[in-house]
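Novice: Please see the structure below; I have some questions.
The values are calculated or read from the model by the stated rules, or taken from the named source; none is laboratory data. Small disclaimer: the values here were computed from a predicted structure and weren't measured. Note that each Cβ is placed from the backbone with ideal geometry, even for glycine, and that neighbours are counted across all protein chains shown. For the accessible areas, the whole protein counts, side chains as well, though only heavy atoms, and no ligand, DNA or RNA atoms are used. Shrake-Rupley method; radii C 1.70, N 1.55, O 1.52, S 1.80 Å.
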Amino acid sequence: MFKKVLIANRGEIAVRIARTLKEMGIVPVAVCSDVDRDALHVRVAEEVHEIGPAAAAESYLCVDKLMTAAKRSGCEALIPGYGFLSENPALPEACEQNGIVFIGPAASAMRDLGSKTAAREKMSAAGVPIVPGGPADTVDDAKATAARIGYPVMLKATAGGGGKGMRLVASEAELGGALERAKSEAKKAFGNDTVYMEKAIVRPRHVEIQVLGDRYGNVVHLFERDCSVQRRHQKVVEETPCPVLDDATARKMGEVAVKGAKAVGYHSAGTFEFLLAEDGSFYFLEVNTRLQVEHPITELCTGTDLVREMVRIAAGERLGFDQGDIVRRGAAIECRVYAEDPSTGFMPSPGVIEELRVPAGPGVRDDSGAFAGCTISSSYDPLISKLCVWAPTRQQAISRMRRALAEYVVTGIRTNLPFHERLFEHPEFAAGRYDTGFIDRHKDSLLGGARIPEEDRQLYAAAIALTAFRDLKPPSALARDGASGPDQGLSPWVSAQRARLGRR
Ligand code: MV4
């Protein structure tokens, strides 16, 4: 087994990984940029290598600097976590060239599954259900494909992704114009105007399956996670089990994911994403060839440690358990705690955390990268922590999450905790009746408060940058209550900034 492992990441996931490495008797070695010198992931590591300035492109994304740090510290292996280089084949290739074991899937698997179209082809060949679809290069092609699969249809830019370059078409009458606009937007956004068509899955849920494979062809699944509560294609809350998936369909979805993983000889942790339709049918979307942010809820319901399993697999060990050994119990929910301000359209809220009181007690896990006095930098993703709960039933998990959210205290910066508190009071969420459009559909009751007009978002970003790092006090609440006329209902930040700039 490895004696030292380099954690090629920062923030909460680096802290989380260090914990498991220590439990395994492995020395966790951290890397940090110059603004992260005092970060929690550095404090919990037993060695640290500074690898450059704040900009990720000159630090956490620098393969050569990671290789140098790993070799200087005598690390036998490197683990990437999520984000940064975690799905970039260049990292496992560099590890291979430097005699360092990469704790994650093979570069070839990243390549095979990294491109959506290649993944769809491979999964379709493996008998994994994909959304019915076809070519839409010309209006005639598009009409023929739509006639075969039935309206509504979804036009998707081949070079698109993450929701960009998608367009819903309800009838043939709209198809010609929609196709023209889709192609020109794709050309402008991605430099590639190729568009294909799929059957539109109406009000879908985003349900994903966690898989684990060793280097000997053994692959198991660890059930599903429902990640439908998203805002602008960014997951905010995830839960397991999926509240509307019966056990038989969940098992079937798991078996399909295992079949897909085996078809490409996948090893390590991976996640198969599906669209779940209202009639219970499901369709392959894509594979994430990394550990995911939301992995803790799977760990809570199955009693596994996915990082431990990834390390063992990378060290050449066999899984040591089969599908029948994986039992899940209860319900788990994750809330992503972001340094973002819901009252201003979730604009980032960097700065120094003054007071931090984290929930604990029965069935609560908070994976955090923060501590009182730490600086949340605007150079990185504003994820502060993930608040997770486990309970025997979903309703008890919801009650536990409400209790934990009420305990959470963060001062000095703004967070999305108020949003989470509103979400867990929403009857539709409590009933499990939601889909990927949930937040958008209920934004008034969920987001409430003032909102930033689109034309002020730049102004606001400037205000944050200025205010976060000078001792300007946030505008008094009076600005919110006192504002009248065109500023009525605006966030005090914007109305104060407008006043400063003499803008009405
Ligand atoms: C779809 C769809 C409905 N029908 N494809 C959005 C981003 C990318 N992952 C695929 N997405 C979708 N593809 C068909 N044929 C609805 C979505 C979708 C979505 C999917 C997963 C999670 C959140 C979403 C939010 C909006 C739309």
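Novice: Scanning for something in the same structural domain as Glu278 (by TED's automatic domain parsing), open to solvent by less than 20 Å² (accessible area, probe 1.4 Å) and more than 21 Å from Arg231 (Cβ to Cβ), does the range 411-426 turn up at least one residue?
Specialist: no
Novice: If you go through the range 144-169, how many residues are away from the ligand (no atom under 13 Å from the Cβ) and out of contact with any Ser or Thr (no Cβ under 8 Å at 6 or more places or on another chain)?
Specialist: Result for the range 144-169: 3.
Novice: Restricting to the range 194-224, and then to whatever is among the hydroxyl-bearing types (Ser, Thr, Tyr) and either closer than 30 Å to Ala315 by Cα or part of a strand (DSSP E or B) (or both), can you tell me which residue is nearest to the ligand (Cβ to nearest atom)?
Specialist: Looking at the filtered set, the residue picked out is Tyr196.
Novice: Would you be able to say whether some residue in the range 242-254 is open to solvent by less than 10 Å² (accessible area, probe 1.4 Å), modelled with pLDDT of 95 or more and more than 16 Å from the ligand (Cβ to nearest atom)?
Specialist: The answer is yes; a qualifying residue exists.
Novice: Still on this model: Taking interchain pairs and intrachain pairs at least six residues apart, which have beta carbon atoms under 7 angstrom, with the first residue in the range 321-336 and without any contact (Cβ under 8 Å) to a residue 12 or more places away in the chain and within 30 Å of Asp381 (Cα to Cα) and the second open to solvent by 10 Å² or more (accessible area, probe 1.4 Å) and not in a helix (DSSP H, G or I)?
Specialist: none
Novice: What are the residues in the range 255-280 that are within 14 Å of the ligand (Cβ to nearest atom) and either assigned to a strand (DSSP E or B) or open to solvent by 30 Å² or more (accessible area, probe 1.4 Å) (or both), if any?
Specialist: Within the range 255-280, Thr271, Phe272, Glu273, Phe274, Leu275, Leu276, Glu278, Asp279 meet the criteria.
Novice: Within the bounds of the range 124-139, is there any residue that is touching a strand residue (DSSP E or B) at 6+ places or on another chain (Cβ under 7 Å), more than 13 Å from the ligand (Cβ to nearest atom) and more than 27 Å from Thr271 (Cβ to Cβ)?
Specialist: Yes, the conditions are met somewhere in the range 124-139.
Novice: Out of the range 352-382, which residues are among the aromatic types (Phe, Trp, Tyr) and either assigned by TED's automatic domain parsing to the domain that holds Ala54 or crowded, with 18+ Cβ neighbours inside 10 Å (or both)?
Specialist: Answer for the range 352-382, where residues must be among the aromatic types (Phe, Trp, Tyr) and either assigned by TED's automatic domain parsing to the domain that holds Ala54 or crowded, with 18+ Cβ neighbours inside 10 Å (or both): just Tyr380.
Novice: Applying the selection to the range 55-69, what residues are touching a residue at least 60 places away in the same chain (Cβ under 8 Å) and either of a type in the set (Val, Ile, Thr) or not assigned by TED's automatic domain parsing to the domain that holds Pro92 (or both)?
Specialist: If the condition is that a residue be touching a residue at least 60 places away in the same chain (Cβ under 8 Å) and either of a type in the set (Val, Ile, Thr) or not assigned by TED's automatic domain parsing to the domain that holds Pro92 (or both), then no residue fits.
Novice: In this structure, does Lys183 turn out to be open to solvent by 50 Å² or more (accessible area, probe 1.4 Å), free of Cβ contacts under 8 Å to residues at least 24 places away in the same chain and either away from the ligand (no atom under 16 Å from the Cβ) or touching a strand residue (DSSP E or B) at 6+ places or on another chain (Cβ under 6 Å) (or both)?
Specialist: no
Novice: Tell me whether the range 291-314 contains one or more residues that are crowded, with 23+ Cβ neighbours inside 10 Å and part of a strand (DSSP E or B).
Specialist: no
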